[in-house]
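Working notes, structure below.
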Amino acid sequence: MNAADHLLPPLTGLDRERYSRQMLFAPIGEEGQAKLLQARIAIVGMGALGTVLANHMARAGIGFIRIIDRDFVERSNLQRQMLYDEEDAASSSPKAEAGAARLRAANSGIIIEPVVADLNATNAEELLTDVDLILDGTDNFAVRFLINDVSVKHGIPWIYGGAVSSRGVSLTIVPGETPCLRCLFGQPPGQGTAETCDTAGVLGPLIHVVASHQATEALKLLVGARAALTPKMMHWDIWYNQHAGIDVSQARKADCPCCGQLSFDYLEASVEEDTIQSLCGRNSVQVQPSRPQRLSLADWEARLAPLGRIERNPFLLKLHLDDKGMTLVLFPDGRLIVQGTDDPVAAKSLYSRYIGM
């Protein structure tokens, strides 16, 4: 135990009761549990992987959990996104808010901070640099490369995870000790070249395999058990009974643009480059204004009501353009998701026509 460990606040009687079985596991014990209660993490994405990760982390007693997601709950999520229910889908609840409510009900002794936002170059450092660990629950490679930039620049470990069809992968990245994501993948796959949950489907049990591995690696990092971390990129295919680990401990590249040359291309990208983005095979496009807005959804409901059927909750407004077969989903920060098209030009046109910012 080092000097800092002596400064950990003592566990309460309720802590000892709640986490008793976890503390009986010798590598965690009372000291490790005290560290977990003082730890701070961020989870990017509250879809399938993110909900399992958040559930594990909250129940393990991580003291502060920031959950970041730009999206809202839909019925198609319920097969694998374990924190949501039919009421969340019917009310189009933001995933971060709905997830936070479930997590607080499971553990009222920790802090859950929901952030309904699109993680991008303008807010990534603000949202990810005051934590001890970043967990990847996203389905977007560009966002993962952005997380990787923040991780390397600020020396914050992160754990990559992916799952599609029956196949999953997990990798623990510790800046200065392991290869970073760009050492292994020079750049994101081209748009439309990689399978997604919306094009190839996904098995619900696979999510738990991948996220549970990520969560276990997270616990090792947070209690200081670095020697127990796996040096391998783990792969699973649960349908075809395949399980492999590829040792990547020697894969760091001196000429890696990120961790070798300290060039943070994704973090330093211009706002305009990230303005329009297709959403993971969902026949939807997100349009992000160059500057965040502060909109009154009630005012916008009155303005847009003559144009089509409106649904509104405290977090978003939906305008159903039934004649076009499209739905516009407007958020208070000015972000718009256009459902019913995968054409960025059409989405931008609709944004300009109806929102005009």
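At 25 °C and 0.890 mPa s, what whole-number value in µm²/s does Stokes-Einstein give for the translational diffusion of the chain, with Rh from the Kirkwood sum over Cα pairs?
Details: Rh = 21.3 Å.
So the translational diffusion coefficient is about 115 µm²/s.
Using unit Cβ charges (K, R positive; D, E negative) and no other charged atoms, how large, in debye to the nearest 20, is the dipole of the chain about its Cα centre?
Details: 33 positive and 42 negative charges, 71 e Å.
Dipole about the Cα centre, nearest 20: 340 debye.
To the nearest 10 degrees, how steep is helix 95-106 against the longest Cα principal axis of the chain, on a 0 to 90 scale?
40 degrees
As I understand it, the value is the acute angle between the Cα axis of helix 141-154 and the longest principal axis of the Cα atoms of the chain; what does it come to in degrees, rounded to 10?
50 degrees
Estimate the FRET efficiency between Trp239 and Lys324 by the formula 1/(1 + (r/R0)^6), using the beta-carbon distance for r and 45 Å for R0, to the nearest 0.05. Show your work: numbers first, answer last.
Working: r = 39 Å, r/R0 = 0.86.
For R0 = 45 Å, the calculated efficiency reads 0.70.
Calculate the FRET efficiency for Ala26 and Glu113 from the Cβ-Cβ distance with a Förster distance of 30 Å, rounded to the nearest 0.05. Spell out each step's value before the answer.
Values: r = 32 Å, r/R0 = 1.05.
Plugging the Cβ-Cβ distance into 1/(1 + (r/R0)^6) gives 0.40.
Rounding to the nearest 10 and keeping the result within 0 to 90°, find how far the Cα-based axis of helix 344-354 lies from the longest principal axis of the chain.
Once rounded, the angle reads 60 degrees.
What is the gain in length, in nm to one decimal, between Ala227 and Leu7 on full extension, counting 0.36 nm per residue of separation less the C-alpha to C-alpha distance?
Details: separation 220, 0.36 × 220 = 79.20 nm, distance 2.33 nm.
Difference between extended and current length: 76.9 nm.
Loop by DSSP (not H, G, I, E, B), at most 13 other beta-carbon atoms within 10 Å: where is the longest site-free stretch of the chain for chymotrypsin sites (Phe, Trp or Tyr not before Pro)? Please report the intermediate quantities before stating the final value.
Values: sites that count: Phe25, Trp239, Tyr240.
It works out to 26-238.
Which of rounded, prolate, oblate describes the range 7-115, given a ≥ b ≥ c as roots of the alpha-carbon gyration tensor eigenvalues and a/c under 1.5 marking rounded, otherwise prolate only if a/b is larger than b/c?
prolate
Sequence gap of 8 or more, or different chains, plus Cα separation below 27 Å: how many lysine pairs satisfy both in the chain?
14
Pop out the ³J(HN,Hα) list for the range 213-222 in order, Karplus 6.51 cos²θ - 1.76 cosθ + 1.60 with θ = phi - 60°, rounded to Hz; leave Gly and Pro as x.
Ordered by residue, 3J(HN,Hα) equals 5, 4, 5, 5, 4, 4, 4, 4, 4, 6 Hz.
For the range 203-357, what is one quarter of the convex hull surface built on the Cα atoms, given in nm²? Don't skip to the answer; put the middle values down first.
Values: hull surface 56.2 nm².
Result: a mean projected hull area of 14.1 nm².
Return, for the Cα atoms of the range 52-169, the radius of gyration and Dmax in Å, separated by a comma.
14.3, 41
Laboratory data are not the source of any read-out in this text; all were calculated from the coordinates shown. The shown structure was predicted, so the numbers you read here are calculated from the model rather than taken from an experiment. Counting neighbours? That spans all protein chains shown, and the Cβs are built from the backbone with ideal geometry, glycine included.
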